[in-house]
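**Q** Following this message is one structure expressed as structure tokens.
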Amino acid sequence: RDKRPDKVQHIEFVFLAPDTVNEILTALECLDKLTGCAFAQKDGLEITDDKGYQRLGKQLLEKQPAEASALEIFAPSFENTKRKVRIIKAVEAYEVYKRLLNYYACKQLLDWCGIHKITSLSGLQSLLPVRNKLNEWMNIGGQMIPSEDVKKALKQVTSGGIDSWDNLHNWYQQEGENYTEKRTRHALAAFKKLTGKQLNNLDGENIRDLMDEAYNTRKWLSEKVYESRAKDFDNPFKTMLYDNAEEMKEVLGSMEDNEYIQFEQQDLAAFKTRINSWKKKLK
């Protein structure tokens, strides 16, 4: 997708970037709290703090999904209005968010292995960063940079440490070169927050399970992309614009020839190959 001849700037194109992942983690905590509040109000439980609601909601969403689905969950302050805002399909959303976070962690794990030419479980465990931080990120011209690094650069600008446009551009380029490692550290921290586990402490079987789950999620995403594109060919309000199917195919092409569908299928196949290759190394 990136057709720039000179890729100096590391523009992030994927939807699961560090800033999006942080928003997903926030959404999980929000669902925990709102679900806990709904259950507490229904059963007349007295809970005094948000952490208590979150613990209760997390227990329901992860261990008692049927009971959580039966709740009427409302979100105060979501809108500037007096009407009630109801959260529907909280359990389904919770599960999708968790799947996406696991996929994010696995993808960064595979990228790290490729960059460092890791070929074994022991090599992976020894080379994965241990001290990782779930930090905030900023989108600086399409390039993702941790917020604390941006603030440090701004202080250097005001203090004279960065005293020219060339120096600022060099800092920006260096941040692009460091992005993969910082993103990997962020993924490890996000995985620990989600599961309570360190990725570099998992054994081969656990990592294989993570990779299988990641592939299933990637396959599910591709299927949803296909279903979404198929609406252009099946929706009666879109097909009515053409006299017949032949004319529509002449204008839109076929589903099989759709460039994005082909890209998705190729990307899914490449991801499956990477997964299978690494699963063999972990045996």
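The values are calculated or read from the model by the stated rules, or taken from the named source; none is laboratory data. This one's a predicted model, so the numbers in the text were calculated from it and none came from an experiment. Reconstructed Cβ throughout: ideal geometry from the backbone, glycine too, with neighbour counts over all protein chains shown. When the accessible area is computed, the model is the full protein with side chains, heavy atoms only, and any ligands, DNA or RNA have been set aside. Shrake-Rupley method; radii C 1.70, N 1.55, O 1.52, S 1.80 Å.
**Q** From R185, R218, which residue is under 30 Å from Q54 (Cβ atoms), open to solvent by less than 30 Å² (accessible area, probe 1.4 Å) and either of a type in the set (K, R) or without any contact (Cβ under 8 Å) to a residue 12 or more places away in the chain (or both)?
**A** None of the other options fit; the residue is R218.
**Q** What's the total number of residues in region 250-275 that are surrounded by 13 or more Cβ atoms within 10 Å (Cβ to Cβ), of a type in the set (V, I, T) and within 21 Å of A105 (Cβ to Cβ)?
**A** 1
**Q** Among the helices (runs of 4 or more DSSP H) contained in region 197-283, which hold 1 or more residues that are touching a Ser or Thr at 6+ places or on another chain (Cβ under 8 Å) and of a type in the set (D, E, K, R)?
**A** So the answer is 259-281.
**Q** Give the residue, chosen from Y104, Y97, that is open to solvent by 60 Å² or more (accessible area, probe 1.4 Å) and of a type in the set (F, W, Y).
**A** Only one candidate qualifies: Y97.
**Q** Pairs needed: first member in region 242-256, closer than 14 Å to D232 by Cα; second member anywhere, surrounded by 12 or more Cβ atoms within 10 Å (Cβ to Cβ) and among the aliphatic types (A, V, I, L, M); C-beta distance under 8 Å; at least 6 residues apart or different chains.
**A** As it stands, the answer is Y242/M248; M255/A230; M255/I261, since those pairs meet every condition given.
**Q** Suppose the filter is of a type in the set (G, A, S) and in contact with an Asp or Glu (Cβ under 7 Å, 6 or more places away or on another chain); does S147 pass it?
**A** yes
**Q** Give all pairs with beta carbons closer than 6 Å in which a residue from region 78-89 that is without any contact (Cβ under 8 Å) to a residue 24 or more places away in the chain meets a residue that is open to solvent by 80 Å² or more (accessible area, probe 1.4 Å); count only pairs at least 6 apart in sequence or on separate chains.
**A** Between residues of region 78-89 that are without any contact (Cβ under 8 Å) to a residue 24 or more places away in the chain and residues that are open to solvent by 80 Å² or more (accessible area, probe 1.4 Å), the close pairs are V85/F78.
**Q** Is it the case, given these coordinates, that L34 is over 23 Å from Q174 (Cα atoms), in a helix (DSSP H, G or I) and either open to solvent by 60 Å² or more (accessible area, probe 1.4 Å) or touching a strand residue (DSSP E or B) at 6+ places or on another chain (Cβ under 9 Å) (or both)?
**A** When the stated conditions are applied, L34 passes them.
**Q** Across region 117-135, which residue is nearest to D209 (Cα to Cα) among those that are of a type outside the set (V, I, T), part of a loop (DSSP other than H, G, I, E, B) and open to solvent by less than 80 Å² (accessible area, probe 1.4 Å)?
**A** Looking at residues that are of a type outside the set (V, I, T), part of a loop (DSSP other than H, G, I, E, B) and open to solvent by less than 80 Å² (accessible area, probe 1.4 Å), I get S120.
**Q** Which pairs do you get when a residue that is within 21 Å of Y103 (Cβ to Cβ) and open to solvent by 70 Å² or more (accessible area, probe 1.4 Å), found in region 1-17, comes within reach of a residue that is part of a loop (DSSP other than H, G, I, E, B) and at pLDDT 65 or above, reach meaning Cβ atoms under 6 angstrom, with the pair 6+ apart or on two chains?
**A** R1/F13
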